[in-house]
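These notes concern the structure reproduced below.
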Amino acid sequence: MGVRYSWPVAQRPNDRVALEILRSLGVPPNVLRHSAAVAAVAFHLASRLRETGLAVDPAITRLGALLHDLDKASGGGPDSHGQNAGQILQALGHPDLARIAQRHPLQAWTSDPPQSWEEKIVHYADKVVEEDRVVGLKGRLEGLRQRYPGHAEEIGAAEPHLRRLEEEIARALNLSPDQLTAELLAWPLDLALAQDLAPAYHAQGGKEK
Ligand SMILES: [Fe+2]
């Protein structure tokens, strides 16, 4: 609680590679900000889980979160979202990051659910962050239902899986799901990552949509 992370770009070669990938694909800045917020939450959760002795890599988790929506610029529909990102990351030689991206959309629960801690954490972090704000699982699902009314059935089908995932993460941290949500809502989300990346992104030709 209360820990603020700051990752100067010069000390994060992996994040610089991620930035180059996002820029080369034309990912818009709003997606970059969302991804940076998810990355901050995912890194926080992965670090906490690792402290309990679980085998989870916070750096891979953060990088996977940063890249989980990288196909948002390529115009694919929601049905192929995740699959497209996975294919791009696989082609770039990052199979572990590809699986994180592939297994983050809601529809993954019926086809290819998250398995590793890194995949589960990014999936969950993405479902508690609306745009670049932490809103909790309930708030995020409400946001998705409003934005995608045609996908209400799919969202409803994923909800029990998401509740179980939240329980699994909370239990590993010795918290109840409500305590985990309260902690995340109170957590001072540090967007240093987005703030670090955005100027470099624009300087390298990233365009506001
Ligand atoms: Fe996504």
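Please indicate, with yes or no, whether at least one residue in region 48-58 is more than 16 Å from the ligand (Cβ to nearest atom), closer than 18 Å to R16 by Cα and either surrounded by fewer than 23 Cβ atoms within 10 Å (Cβ to Cβ) or free of Cβ contacts under 8 Å to residues at least 24 places away in the same chain (or both). Full working, then the answer.
Kept after step one, since they are more than 16 Å from the ligand (Cβ to nearest atom), are these residues of region 48-58: 48-58.
Cutting the leftovers down to closer than 18 Å to R16 by Cα gives us 58.
Next, from what is left, pick out any that are either surrounded by fewer than 23 Cβ atoms within 10 Å (Cβ to Cβ) or free of Cβ contacts under 8 Å to residues at least 24 places away in the same chain (or both): 58.
For region 48-58, residues more than 16 Å from the ligand (Cβ to nearest atom), closer than 18 Å to R16 by Cα and either surrounded by fewer than 23 Cβ atoms within 10 Å (Cβ to Cβ) or free of Cβ contacts under 8 Å to residues at least 24 places away in the same chain (or both): present.
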* Matching residues in region 139-162 - criterion: being under 17 Å from the mean Cα position of the chain (by Cα) and exposed (fewer than 14 other Cβ atoms within 10 Å of the Cβ) -> none
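With within 13 Å of the ligand (Cβ to nearest atom) and among the acidic types (D, E) as the only criterion, which of D96, D79 stands out? Steps first, answer last, please.
On the way: D96 fails: within 13 Å of the ligand (Cβ to nearest atom).
Every option except D79 fails the conditions.
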* Asked: Looking at region 76-123, which of its residues are surrounded by fewer than 18 Cβ atoms within 10 Å (Cβ to Cβ), under 24 Å from V56 (Cβ atoms) and acidic (D, E)?
  -> D96, D112
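Which of the residues that make up region 121-131 are out of contact with any Leu (no Cβ under 6 Å at 6 or more places or on another chain) and either more than 12 Å from G82 (Cα to Cα) or away from the ligand (no atom under 15 Å from the Cβ) (or both)?
So in region 121-131, the residues out of contact with any Leu (no Cβ under 6 Å at 6 or more places or on another chain) come out as 122-123, 125-126, 129-131.
Residues satisfying the conditions are V122, A125, D126, V129, E130, E131.
All of the numbers you see were taken from the coordinates with simple rules; none came from a lab. These numbers come from a predicted model, not from an experiment. Here Cβ is always computed from backbone atoms with ideal geometry, including for glycine, and neighbour counts include all displayed protein chains.
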